[in-house]
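The values are calculated or read from the model by the stated rules, or taken from the named source; none is laboratory data. Keep in mind the model is a prediction, meaning the values are calculated, not measured. Quick reminder, even Gly has a Cβ in these numbers, built from the backbone with ideal geometry, and neighbours come from all protein chains shown.
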Amino acid sequence: MKKNRILAAAAAAAFATLAPLPALADITIGVSISLTGPTSALGIPTQKGIALWPKEIGGEKLNVIVLDDATDTTKGVQNTRKLITEDKVDVVVGSVTTPVAVAMADVCAEGKTVQLMLSPANLPPGKDGWSFRMPQSTAVMAIPIVEQWKKLGVKTYGFLGYSDGYGEAWLKDIAPLAEKAGIKLVDTERFARSDTSVTGQALKLVAANPDAILVAASGSGAAMPHKGLVERGYAKAKIYQTHGAATMDLIRVGGADVEGSFVSSGPAVVAEKLPDSNASKALGVQFKNQFEAANGKGSANQFAAHAFDVVLVLQKAVPIALKKGKPGTPEFRTALKDAFETMGRTPVSQGVLNWTAADHFGYTPETGVMLKVVSGDWQVVP
Amino acid sequence: MDLSTAGILLLDGVTNGAVYGLLALATVLVFAVTRVIFIPQGEFVAYGALTLALLQLGKVPGTIWLLLALAAVAALLDLADAVRRGLPAAAMARGLVRTLAAPVVVAAVTWWAAPLKLHLLAQSMLTLAIVTLLGPLVYRLAYQRLADASVLVLLIVSVGVHFALTGLGLVFFGAEGYRNPSFWDARFSAGALTLSGQTIFIFVASIALIVGLWLFFGRTLRGKALRATAVNRLGARLMGISTSGAGKLSFGLAAFIGALSGLLIGPTTTIFYDSGFLIGLKGFVAAIFGGLASYPAAALGALLVGVLESFSSFYASAFKEVIVFTLIIPVLLWRSFQHGHDDEEEQ
């Protein structure tokens, strides 16, 4: 009796492990993103974007496994190991959270599997051999802001950013660009998303009276500091927001106080308003129509767009890699990495990518778009 | 720094301090009566602010499903208890009605009223009712059976309840934050100081609540029963005071205070499903000032935390939280030197 039960359990276990194993020659993508925890605001729209992935790529059937890393580095690493060793995925996608994505990079390099990061994580040289970024680096997104400042004759600026990696990355990337343009940083202040007020920081920044203030925050968290600055009498038209804030949530929460302010953004969220010459326009419009048909009007944001772009780069790279090996083999995985590094200029909905062996960020300077909030909607600043 | 800057910072600090003060009072109250260090206090703040935000959008807030689910489970447990003790059917029915009536009525009213987009004040009342009813149910399900466990066990349960409520908050409200409309849009200026209507509202509500609590504890039988339970649980029980009833009442009050704080703070900042934790933690730091026992000391501590936070965000914004939470160490040192070790429950 007891033996039978053990046998049954063993059989069940065997089936359980067999079930997710794909048939040979299917392309398997393993996704590990933050569906719960503090950065779920980024992970949830990404998941909705993944739900719209096609059934096949390059004539091969596509299997997708989505796991939740709970915004936890340990969980992210566990997921990645599972995806690589048990599910034998061809590509790892994720995470949307920078520290988690960084930790996953090591595991992917070890398993010689390409990682398509959904976060603009900076990795030390030599560590990102198998990791490619889907979002733009902050350095690329800082370009349109500094260009705009040059155009308007801005001489000084203040910085109000998250006291975390996102804020740091922005400060680190915009400071040299601005310095080269002769624009001086007069005050640096920090805050946290869960803070109840930024009165102290706003008072100090407004007293320093810079020609512009950059707020480095994301989603609806970017609205509170913005309102704080306006409340202390700072001009709305002199406040700049980063691409992390380029969602309708900023306008929803910020209301009248964000009117006339500037936001640096990837092209996808405003695709239909871009000039026809923009390489991302057609793809961006396609993404928006597809995503909003499934999730409702005004739901498209940059995180879902990155998920859309994953398919675009795979559609270009997979046919190249298929010539060298079958999916599910180490040859295919290596070929895929080589294909990414050599496929050249690739327009996606979020800009124009050009990955090389040395540059795994790859967005070209033409990527960023400057937006202005006009009557509760985005307007592209030419 | 000139005087006007200092004035603005002070006002900002006292405003936030008033809200922390309410949470500190709730923390002290819950600890005194039940010995629970109630970490999820802040979750009620987020639940309050976000339930109102969803009502504002004309949606049915997910909190009512939680309310119904908790009430149903509590009713089942009560029923099982009653069957085991062999109570007559009439008593069982009375118990069931007592547990289920209020949650079902409040949920039904919310279900009916949500799409109507009632006046802000009516929606606020509804929000208070929903969140307040959650309090006793949380006590019933998570703590009542463990009422005699050690403080440490209760603390661990609190951590679990905190994670559960935060996770449910994500399901109910989504990951993005909301900002509620102000209760009173007026603005008054005196020199460089601008006093918004909401700030006045916060002060008035805080003072009213403190006076209300004082009257409740000093003048009413139920309040006195709570105080008696806080002083000596066993003694109170011998006098015929139900300790589980006192626990439920104190959790109800804590939930009410949390929800009220959420309504007060909702218009001044963006509230996320997980914002409550940090706000509640600052209330906890303030409560430590009173050694989790003294209400006036906790209220003073809250004002100090608020003002310290406001000034440190001006001088060293990157280290603001560090400064606020480091405050707890000298306070603990001072308290332990002053009082020595008097952990009565270990004896």
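Looking only at the range A:42-66, which residues are more than 13 Å from A:Ala300 (Cα to Cα) and within 14 Å of another protein chain (Cβ to nearest Cβ)? Listed by number, the list holds a single entry, A:Gly43.
For first residues located in the range B:165-193 and within 11 Å of chain A (Cβ to nearest Cβ), partners that are part of a strand (DSSP E or B) and hydrophobic (A, V, I, L, M, F, W, C) and lie 6+ apart or on another chain with Cβ distances below 8 Å form the pairs B:Gly177/B:Ile271; B:Tyr178/B:Ile271; B:Arg179/B:Ile271; B:Asn180/B:Ile271; B:Arg187/B:Leu195.
May I ask you to verify whether B:Phe284 is at pLDDT 90 or above, assigned to a helix (DSSP H, G or I) and within 14 Å of another protein chain (Cβ to nearest Cβ)? Please lay out each step first, then the result.
Numbers: at pLDDT 90 or above: yes; assigned to a helix (DSSP H, G or I): yes; within 14 Å of another protein chain (Cβ to nearest Cβ): no.
Taking the combined requirement at face value, the residue does not satisfy it.
Looking across the range B:307-323, the residues that are within 11 Å of another protein chain (Cβ to nearest Cβ) and touching a Ser or Thr at 6+ places or on another chain (Cβ under 9 Å) come down to B:Glu309, B:Ser310, B:Ser313, B:Phe314, B:Ser317, B:Ala318, B:Phe319, B:Lys320, B:Glu321, B:Val322. Pairs linking a residue in the range B:285-311 that is surrounded by 24 or more Cβ atoms within 10 Å (Cβ to Cβ) to a residue that is assigned to a loop (DSSP other than H, G, I, E, B), with Cβ atoms under 6 Å and 6 or more positions apart or on different chains, are B:Ala298/B:Gly290.
Just to check your reading of the model, which residue among B:Ala90, B:Ala101, B:Ala46, B:Ala74 is exposed (fewer than 14 other Cβ atoms within 10 Å of the Cβ), under 24 Å from the mean Cα position of the chain (by Cα) and in a helix (DSSP H, G or I)?
Unique residue meeting the criteria: B:Ala101.
A count restricted to the range B:202-229 and to residues that are surrounded by 14 or more Cβ atoms within 10 Å (Cβ to Cβ) and either polar (S, T, N, Q) or within 18 Å of the chain's Cα centre (by Cα) (or both) stands at 12. Considering only the range A:146-169, state which residues are of a type in the set (A, V, I, L, M, F, W, C), out of contact with any Leu (no Cβ under 7 Å at 6 or more places or on another chain) and surrounded by 22 or more Cβ atoms within 10 Å (Cβ to Cβ). Across the range A:146-169, the qualifying residues are A:Trp149, A:Ala169.
Listed here are the residues, each with its yes/no results for (1) farther than 30 Å from B:Thr15 by Cβ; (2) part of a helix (DSSP H, G or I); (3) modelled with pLDDT of 90 or more.
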position	(1), (2), (3)
B:Ile202	no, yes, yes
B:Ser206	no, yes, yes
B:Trp214	no, yes, no
B:Thr229	yes, yes, no
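When the strands (runs of 3 or more DSSP E) confined to the range A:271-382 are screened for residues that are closer than 24 Å to A:Ile29 by Cβ, those reaching at least 1 such residues are found at A:346-348, A:351-353. Total residues in the range A:248-272 satisfying the condition of being closer than 13 Å to A:Trp378 by Cα and in contact with a strand residue (DSSP E or B) (Cβ under 9 Å, 6 or more places away or on another chain): the figure is 17.
Would you confirm, using the coordinates I've provided, whether B:Leu333 is more than 12 Å from chain A (Cβ to nearest Cβ), surrounded by fewer than 24 Cβ atoms within 10 Å (Cβ to Cβ), in contact (Cβ under 8 Å) with a residue 60 or more places away in the chain and more than 30 Å from A:Thr36 (Cα to Cα)?
Numbers: more than 12 Å from chain A (Cβ to nearest Cβ): yes; surrounded by fewer than 24 Cβ atoms within 10 Å (Cβ to Cβ): yes; in contact (Cβ under 8 Å) with a residue 60 or more places away in the chain: no; more than 30 Å from A:Thr36 (Cα to Cα): yes.
Criteria not met by B:Leu333.
All of (1) more than 15 Å from B:Ser206 (Cβ to Cβ); (2) more than 11 Å from chain A (Cβ to nearest Cβ) hold for B:Pro296 with one exception: (1).
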